[in-house]
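Structure, as structure tokens:
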């Protein structure tokens, strides 16, 4: 890629970004769009615009984002979001500090080197351009100027250690502050018990759990909630809720028809068959009312049956003290370690109920099976895609889907399809990959949503690093030099290193596209806006339906963090080879910080709170990127025939030691609640009944159910006292 | 080695054993020797001979040992000893069950093979004998009879899995029973807190610890005992105790002289200089009385100073409940994981006080440094020994120790010395090695004696396996075939395998020597007996000194277990190659069980109780031996050109999975006390003051010290209540 085409691409990206910025400024001022641009504020009962005025400066959001405090982020979007901003600002800090030293030193050193033509031509394989003059590839072999670049590697490493250390400390404090908050959270009083052994003959599960924990915690045990198999009751409950919604909708349609049409109105009708497309035509209001009346007693009966007969080998146990709950979640309870296993209870909203019953060793097996599947996916994912592409040829399509034949007969469409079918398969695969990885993580038997997302995000990280970074860098070079590797496997590092500079401009363009177009779309929220307006116009009839149409998701760490980590890996690895990438990295994380700050404060609604448990994963992966960088640089200095390259060997070792110290000093607090933190005083004595009720799944909580129905899966204190 | 010399060696060993048995039967009946043969019974206030009669059957001890129950072993010698017997009987079971199947099948299969001469001659390098006919080496290459031996490997492996699984379950139950005992042990109410951060200005350590734990455990915290630097006070205390002993001795000598000599008696005197060899002559009784009077106030002053000013960053914290203490020892207390680290308190008698102050990361560093030193010692220990041997030539000795010259001039002595000096250096090294390894383990910063011994025993195991087994087996072959290895490193397994059969008879002799002579000496206790009689006759003047002369040690797991494990490794590895080794293994562990049962019940006194924590280490090392065996057998079947050798590949994988399942299911309970176990009811409410006092080191405990002196390092509840 030469300079002109690079600048063209950059300019296009920038123009798109500016256009999207103005679009945002214009659209966000329209009152009809507030639910798209300020949903978080609206749901919290705040005025969308702080000043209340539509005539304010269209770029006021920048000022607001910059002046917002961490405390505001926590109160609007939770600790996890605040931790994500610590991550962004730490990386930004690393890149800014690196730029400040590397750009003024390395660019002149590289640019003023003379007589490099030959050496350079051999390395950058014809992609030589003016940009390459500013990179390490421009230096002669064995040049003493390489010392400056070697110093650069050390500088970047030390800046990373320093800022990561500070960040880990800060995040640990954030977590501690949140956990010691005087407002009691239900999950702080509960533990999750799994692998409860089979009870003695005649003893029901609830009695077993209650008597076990009453023996160990005579003073602080409150009550227990035995996990039940809710599959059936959930199904009925969802059906019932669906009918209730449809009834509301039918009534709204009827009311509307009264206003607009004749005073009688037209009673809405629907068909009872498959998807409302076939079957007998009935009066909707009557039909749904009837259905609701039919299902309500069925639900109640199923609730009773579930609580009584579908108790499983897991339970939530509640304590009257935060400290006891925190200590209990960390302690071994049973002599046989694979029974009565405990962990701290997840938030009620993120419990993955169906996973709780999975047994100890089955979880282990599932985990290893999933790891193997992921490893195979990461390395060999191209094979099934190629197979699908080969299968979905036009001829096969014609055979299987005959109704497509008339379309496929047209010459132009055939050509396009033939060219793009493999790509389409790849795009579909990449779009589905995060969901697939989340599915796999849940299949491991992980008990909470946030944990599953962390696990999926780790898998996605390995995928991106292996395929995007290593794939693109090494891939091209690899096949041509396969024979070299066969002779000497150690040359892999050499190949990685020597193919790096030629890909520098490719990645510059990649990063630029990411931040200009990606963040532009993020800020302007064009896609959700369009979908919302279509839905509101043609589909939504009731208030609840309109709300469902604009309700935003959360920040989506599962894919966002691995993507950011990919950018970090790219920028770190090129930071010394082609220092020009550093400003792009700074722009990516700077813009990202600014735009996401706005989105976190005004748009996204967190789906869960894990009190910053994501941080150790981010930190360890930044270190992994750093080590990849250091090893690659060692190889690249070798390619440059620099005799002092072994001076880089201490760096990966130092990174490992740094990572070891960090995890020893901080990590355990991210797994468990420290007792000194849990021991902080509460504002008021918590309402234990409320704490307990928070964990009852909606399909089982009904105001009509009176207490004696809970006797099976959801014990009460007074009852168990007589058993103990 | 041919059959005759093997049988001669075996016969000699057996004769020695029989002689020692009769010696024991004769000596143990003399009343003067009861303190040597029955000290454990005497110390527990029991009659040495249960029947009370000296005329009983001299081999009654065999019946007594066989009829003793596990419960008796626990009450006489503790859980650790009982666990050691589980270890012995499990291994015995493995070998017996293996023998029962392998001997009748494999011996005939090997002996009836014909036409083996050539193949055998190349493998067993001239050590061919009739014994070799009964081994696998006698089979032809690719012989279908090898299937029987392959089946043998599977049989031995499955027997091992089955019995180890049963043993792990049994030991876990033993541990649980001991921990849930209604008799309260002091260490069950305490935790050991280390890495206490620096206290705030003006706050003394004790206040800091007390207020910290009172906040977390407002209801169950009893009091704390801050660890102090006792070096100085220990020194004075030991000096004082020494003088007290000497005074008693001088008085005894004086009393004796009154009886035997003139009625006045001769007042004993001693010299005050170095070792009592020089200096002024003084009256002993007066001198020691004066010294005691001098030191007593000094000790008291030092005690006060120690408690007030030498408090360190560690403390023992006491709770009024076993469950709280057990849970506290497993829970993370501080946000920064390297501060306020907790573990369960060791027994008072086995606390390694000087190690408690060592900080978190220093412990990590020490551990890795020690690992490196041990690895170097295991691999390169011959180098310093060779250097020492080279240095301690006769000429050097003459120069350094001139007084030896007249001896060294004699021809005969010179010859012997020159021949044996290197061996002597090796023997001295091997004798000092366990002490050196224990020293290294303590240097890791381990807080308790039993833990240090476990760590040392592990190191000793690696040493014996690497040097005795691998060294002798591979060593000889290795140098001659060094060029083969250089060409193809994978041939190491081949070499190990092909050198095995030629060493079979060597190891048969080795095991026989071990059990006949070793256990004969163990039972007859000749060495302690002789030392005791010499001491009593010439040195001991007082009752206390006589008791010190016969007081036995403990069983000495630190070296005993690794030695047993070496025998297991040898027997397992040869079990299929030369099945004749199995009866020897059975004899070793059978005799060992019998004789040690006698020793445990009557002789040895346990130095500590770790509630069976040694077991997981034994178990994992038996598995390691098994894997070594399986890998070696895979190599040896390869040497035999047996095409179906890959059928052995699943075995090491199964061993790893078995080990993984065992450690997941059982291991954590050996690290921590399960709460359901700690929650068992106590016989009576424990006397907390007594629990607390049990942990005060003897140099600091004095009846004269009244309570207010404890205010510094040893807080009281009432005092701290006012601070909290």
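The values are calculated or read from the model by the stated rules, or taken from the named source; none is laboratory data. Keep in mind that what you see is a predicted model, and the values were worked out from it rather than measured. All Cβ positions, even for glycine, are placed from backbone atoms using ideal geometry, and neighbour counts span all protein chains on display.
Residue B:333 fulfils the conditions (1) within 14 Å of chain A (Cβ to nearest Cβ); (2) touching a helix residue (DSSP H, G or I) at 6+ places or on another chain (Cβ under 6 Å); (3) not in a loop (DSSP other than H, G, I, E, B) except for a single criterion, (3).
For the condition modelled with pLDDT of 90 or more, surrounded by 16 or more Cβ atoms within 10 Å (Cβ to Cβ) and in a helix (DSSP H, G or I), residue B:13 does not qualify.
On the stretch given as the range A:614-642, residues that are over 23 Å from residue B:361 (Cα atoms) and within 14 Å of chain B (Cβ to nearest Cβ) total 0.
Out of A:657, A:623, A:627, one residue alone is surrounded by fewer than 17 Cβ atoms within 10 Å (Cβ to Cβ) and modelled with pLDDT of 90 or more. It is A:657.
Looking at residue B:267, is it free of Cβ contacts under 8 Å to residues at least 24 places away in the same chain and not in a helix (DSSP H, G or I)? Criteria met by residue B:267. In the range A:671-693 there is no residue that is closer than 30 Å to residue A:578 by Cα, within 26 Å of the chain's Cα centre (by Cα) and assigned by TED's automatic domain parsing to the domain that holds residue A:83.
Please pick out the residue among A:346, A:297 that is touching a strand residue (DSSP E or B) at 6+ places or on another chain (Cβ under 7 Å) and either buried (at least 22 other Cβ atoms within 10 Å of the Cβ) or more than 11 Å from chain B (Cβ to nearest Cβ) (or both).
Values: A:297 fails: touching a strand residue (DSSP E or B) at 6+ places or on another chain (Cβ under 7 Å).
A:346 is the lone residue from the list that is touching a strand residue (DSSP E or B) at 6+ places or on another chain (Cβ under 7 Å) and either buried (at least 22 other Cβ atoms within 10 Å of the Cβ) or more than 11 Å from chain B (Cβ to nearest Cβ) (or both).
Evaluating residue B:259 against the criteria (1) out of contact with any helix residue (DSSP H, G or I) (no Cβ under 9 Å at 6 or more places or on another chain); (2) in a loop (DSSP other than H, G, I, E, B) leaves one unmet condition, (2).
Per-residue answers, yes or no, for (1) in the same structural domain as residue B:638 (by TED's automatic domain parsing); (2) at pLDDT below 95; (3) closer than 30 Å to residue B:447 by Cβ:
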{"position": "B:133", "(1), (2), (3)": "yes, yes, no"}
{"position": "B:150", "(1), (2), (3)": "yes, yes, no"}
{"position": "B:168", "(1), (2), (3)": "yes, no, yes"}
{"position": "B:199", "(1), (2), (3)": "no, yes, yes"}
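Determine which member of the set B:701, B:718 is modelled with pLDDT under 80 and not in a helix (DSSP H, G or I).
On the way: B:718 fails: not in a helix (DSSP H, G or I).
Going through B:701, B:718 in turn, just one is modelled with pLDDT under 80 and not in a helix (DSSP H, G or I): B:701.
Picking from residues in the range B:354-367 that are more than 28 Å from residue B:691 (Cβ to Cβ) and within 11 Å of chain A (Cβ to nearest Cβ), the one that is surrounded by the most Cβ atoms within 10 Å (Cβ to Cβ) is B:364.
Looking at the range B:504-538 only, could you name the residues that are more than 14 Å from residue B:16 (Cβ to Cβ) and at pLDDT below 80? The answer is B:504, B:505, B:506, B:507, B:508, B:510, B:511. Checked across the range A:306-313, the condition of being more than 36 Å from the chain's Cα centre (by Cα) and surrounded by 14 or more Cβ atoms within 10 Å (Cβ to Cβ) holds for at least one residue. When residue A:184 is tested against (1) more than 19 Å from residue A:334 (Cα to Cα); (2) outside any helix (DSSP H, G or I); (3) within 14 Å of chain B (Cβ to nearest Cβ), just one condition goes unmet, and that condition is (3). Residue count for the range B:195-209, restricted to those that are within 14 Å of another protein chain (Cβ to nearest Cβ) and in contact with a strand residue (DSSP E or B) (Cβ under 7 Å, 6 or more places away or on another chain): 3. Suppose the filter is over 20 Å from residue B:572 (Cβ atoms), within 14 Å of another protein chain (Cβ to nearest Cβ), in contact (Cβ under 8 Å) with a residue 12 or more places away in the chain and surrounded by fewer than 18 Cβ atoms within 10 Å (Cβ to Cβ); does residue B:142 pass it? In short, no.
Being away from chain A (no Cβ under 11 Å), within 15 Å of residue B:212 (Cα to Cα) and either free of Cβ contacts under 8 Å to residues at least 60 places away in the same chain or surrounded by 22 or more Cβ atoms within 10 Å (Cβ to Cβ) (or both) is the requirement here; does residue B:328 meet it?
For residue B:328, the condition - away from chain A (no Cβ under 11 Å), within 15 Å of residue B:212 (Cα to Cα) and either free of Cβ contacts under 8 Å to residues at least 60 places away in the same chain or surrounded by 22 or more Cβ atoms within 10 Å (Cβ to Cβ) (or both) - is not met.
On inspection, residue A:625 does not qualify as more than 30 Å from residue A:232 (Cβ to Cβ), within 20 Å of the chain's Cα centre (by Cα) and not in a helix (DSSP H, G or I). Annotation: of all residues in the range B:660-695 being assigned to a loop (DSSP other than H, G, I, E, B) and at pLDDT 85 or above, the one that is nearest to residue B:322 (Cα to Cα) is B:679.
Can you find even one residue in the range B:271-291 that is in contact with a strand residue (DSSP E or B) (Cβ under 8 Å, 6 or more places away or on another chain), closer than 29 Å to residue B:226 by Cα and either in a helix (DSSP H, G or I) or within 14 Å of chain A (Cβ to nearest Cβ) (or both)? Looking through the range B:271-291, none of the residues is in contact with a strand residue (DSSP E or B) (Cβ under 8 Å, 6 or more places away or on another chain), closer than 29 Å to residue B:226 by Cα and either in a helix (DSSP H, G or I) or within 14 Å of chain A (Cβ to nearest Cβ) (or both). From the list B:645, B:679, exactly one residue is within 14 Å of chain A (Cβ to nearest Cβ), surrounded by 17 or more Cβ atoms within 10 Å (Cβ to Cβ) and more than 30 Å from residue B:555 (Cα to Cα). Which is it? Every option except B:679 fails the conditions. From the list B:370, B:323, B:351, the lone residue that is within 14 Å of another protein chain (Cβ to nearest Cβ), modelled with pLDDT of 90 or more and more than 30 Å from residue B:268 (Cβ to Cβ) is B:323. Test residue B:611 against the stated conditions and say whether it is within 29 Å of residue B:554 (Cβ to Cβ), out of contact with any strand residue (DSSP E or B) (no Cβ under 9 Å at 6 or more places or on another chain) and within 13 Å of another protein chain (Cβ to nearest Cβ). The answer is yes for residue B:611.
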